[in-house]
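The values are calculated or read from the model by the stated rules, or taken from the named source; none is laboratory data. No experiment lies behind these values; they were computed from the predicted model shown. All Cβ positions, glycine included, derive from the backbone under ideal geometry; neighbour counts span all protein chains shown. Ligands, DNA and RNA are stripped out before the accessible areas are found, and what is left, the full protein with its side chains, is counted by its heavy atoms. Shrake-Rupley method; radii C 1.70, N 1.55, O 1.52, S 1.80 Å.
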Amino acid sequence: MSARRATVAVALLAAALAAALLAGCGSGGKPTTDAGAIRGHWLTIYIGVPRDGASQEAGQAVIDGATLELDQNHAHIGRYRIRLKVLDDSTPGSDVWNAAAAAAAAQTAAANPTTIGYIGDFNSGASAVSIPILNRQAIPQVSPASSAVGLTSDGLGSSPGEPYAYYPTPLRSFVRVVPSDAVQAQAQVHLQRQLGCKSAYAIYDGEYDGLEAYDAFTQAALADHYPVVAQQSYVPGESSYASNGQVVAQSGADCVLVAAIPERSAAALTAAVAQAAPNVQIFATAGLAEPSFTDQALGGLPAKLDSRVLITAPGGDVDAGNPLRRAFVKAYTRLYGAPLPVAVDGYEAMRLLLSAIRKSSHSGRSEVERTKVVKALHATRHHASPLGTYSIKPNGDTSIDGYGVYRIVHGALRYWRWVTA
């Protein structure tokens, strides 16, 4: 079994084990796919994001964005009041999300009879764990960041068994407001070609998210006849990545893609590649669009590399003149400061969920029911948003067909352009 298949198999197993744990909990140990109406006049929405480690700033940006949207709706819909509860899918002292923590977060939401939605997860690997738990209870799940192809589709970039292993019931309870890694991969290939790249070298970190993004990229490159001359994975926590950089330099590739999540080694690996191959252009996937990777003061890339790295990230076309986007940025900046790219995704995840609750309950005049909210999410068509106008496809994907490209300026991400897949 390849390293990629082995890692995905572990994620699938973790999802199955998490679902099995839930099956032993709750009323009579018999999870139900018919959640029915929410009793009473309180609804609870949970957010599952990393609160510790390298992604904690991005996790907080998701929370802030979602909170802003809920507050703008005065935390109620009709006769229902809405509570927001934040859950942590990481563990103290860890750089990345944790499968046990992700399962525990989803179980907490599943056990609450007032739960009407789950915003999360931030990482695709965490979503592979949480989806089956929430699906058994028909809990609507809207992700602001999980982009792995296999969470929704068996298309290019997925693994055997995906996405069916994540859905123990016929209900597709998971949707996302960001395009999948298949879209990002095509955007990366187009971007690299537009900037004169003749061939690429792909590096990934061995994590579920990095492997999924890498695989989608190699598939997109193959379809576009764009040479990927070689690939390698790296082991987080190594004292030096000089040898990794030398291998890239000797490959002859003029461009490098780093597909990873921002555990502390990602920046060190990228810096080693930049030093060994001073003429290559460096590209990174959305998992690295975070301060812990871009900001030297937080252990990220050395400032001298700012001009050499381009990062793709979702969040809509900033130059599209979208009034909803301008209103979001103004309101968010007043409360929290300049938003990270993922902040608007957290905002829109809450916005889409509230819209589905409102539509499925006649603006809170009739009973709120989980399955009806899920159906309303999937019925989303031509929905105007800060990300642009989009629809939700039957498999839960958004119709948005591009990614933003960001430069690094003084350690911060600065939007540069939009690339369509």
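Give me the percent of accessible area attributable to carbon and sulfur for the stretch 263-421, probe 1.4 angstrom.
For the stretch 263-421, the apolar C and S fraction of the accessible surface comes to 53 percent.
Roughly how far apart, in whole Å, are the Cα centres of the stretch 155-170 and the stretch 51-118?
24
Among the helices of the chain (complete DSSP H runs), which have Cα atoms covering no less than 20 Å along the helix axis and a Kyte-Doolittle mean of at least 0.0?
3-23, 208-223, 341-360
Would you mind telling me the antiparallel percentage of the DSSP bridges in the chain, rounded to 5?
That works out to approximately 35 percent antiparallel.
Listed highest first by mean packing, meaning other Cβ atoms within 10 Å per residue, what order do 216-222, 385-391, 61-67 come in?
Final packing ranking: 61-67, 216-222, 385-391.
Excluding P236 itself, what net charge comes from residues whose Cβ is under 11 Å from its Cβ, given Lys and Arg +1 and Asp and Glu -1?
Once all neighbours under 11 Å are counted, the net charge is -4.
Do you know the relative contact order of the chain, to the nearest whole percent, from alpha carbon pairs under 8 angstrom that are 6+ apart?
Taking the mean separation of contacting Cα pairs over the length of the chain, I get 19 percent.
Only Cα pairs under 8 Å and at least 6 apart count here; give the relative contact order of the stretch 299-381 as a rounded whole percent.
Once divided by the residue count of the stretch 299-381, the mean separation gives 19 percent.
In nm, give the distance between the simple-model label positions of R81 and R326, each being 7 Å from the Cα along the Cα-to-Cβ direction.
Output for this residue pair reads 3.7 nm.
Ranked from highest to lowest mean number of other Cβ atoms within 10 Å per residue, what is the order of the peptides 329-335, 339-345?
In decreasing order of mean packing, 329-335, 339-345 become 339-345, 329-335.
So for the chain, what percent of the C-alpha to C-alpha distances run longer than 39 Å?
The calculated P(r) of the chain puts 14 percent of pairs beyond 39 Å.
For K359, which aspartates and glutamates qualify as cross-link partners when the Cα separation must be under 13 Å and same-chain residues fewer than eight apart are set aside?
E367, E369
What figure, in Å² to the nearest 10, do you get for the accessible area of W42 with a 1.4 Å probe and non-protein molecules left out?
Surface accessible to solvent at W42 totals approximately 110 Å².
Between L156, T108, V309, whose Cα lies farthest towards the positive end of the dipole of the chain when Lys and Arg beta carbons carry +1 and Asp and Glu beta carbons carry -1, centred on the Cα centre?
T108
Leaving out ligands and nucleic acids, note down the accessible area per residue over the stretch 70-223 with a 1.4 angstrom probe, in whole Å².
Value returned for the stretch 70-223: 29 Å² of accessible area per residue.
Kindly rank 237-246, 182-191, 158-167, 397-406 from highest to lowest mean number of other beta carbons found within 10 Å of each residue.
182-191, 397-406, 158-167, 237-246
Taking every eigenvalue of the Cα gyration tensor of the stretch 261-397, multiplying by 5 and rooting it, what semi-axes result, largest first, whole Å?
So the three semi-axes of the stretch 261-397 are 38, 16, 14 Å.
Which residues among the stretch 303-317 fall inside the zone where the amide N is under 18 Å from a point 7 Å beyond the Cα of A384, along Cα→Cβ?
316-317
Once both labels are modelled 7 Å past Cα along the beta-carbon direction, what's the N395-L195 spacing in nm?
My value for the distance between the label points is 2.8 nm.
Using the heavy atoms of the protein chains alone and a 1.4 angstrom probe, what is the accessible area of the stretch 305-421 per residue in square angstrom?
42
For the stretch 236-253 and the stretch 340-415, what is the separation of their C-alpha centers, rounded to whole Å?
A separation of 39 Å, based on Cα centres.
What is the distance in Å between the Cα centres of the stretch 203-230 and the stretch 270-315?
Centre-to-centre distance over Cα atoms comes out at 18 Å.
Carbon and sulfur atoms: what percent of the 1.4 Å accessible area of the stretch 64-178 do they account for?
54
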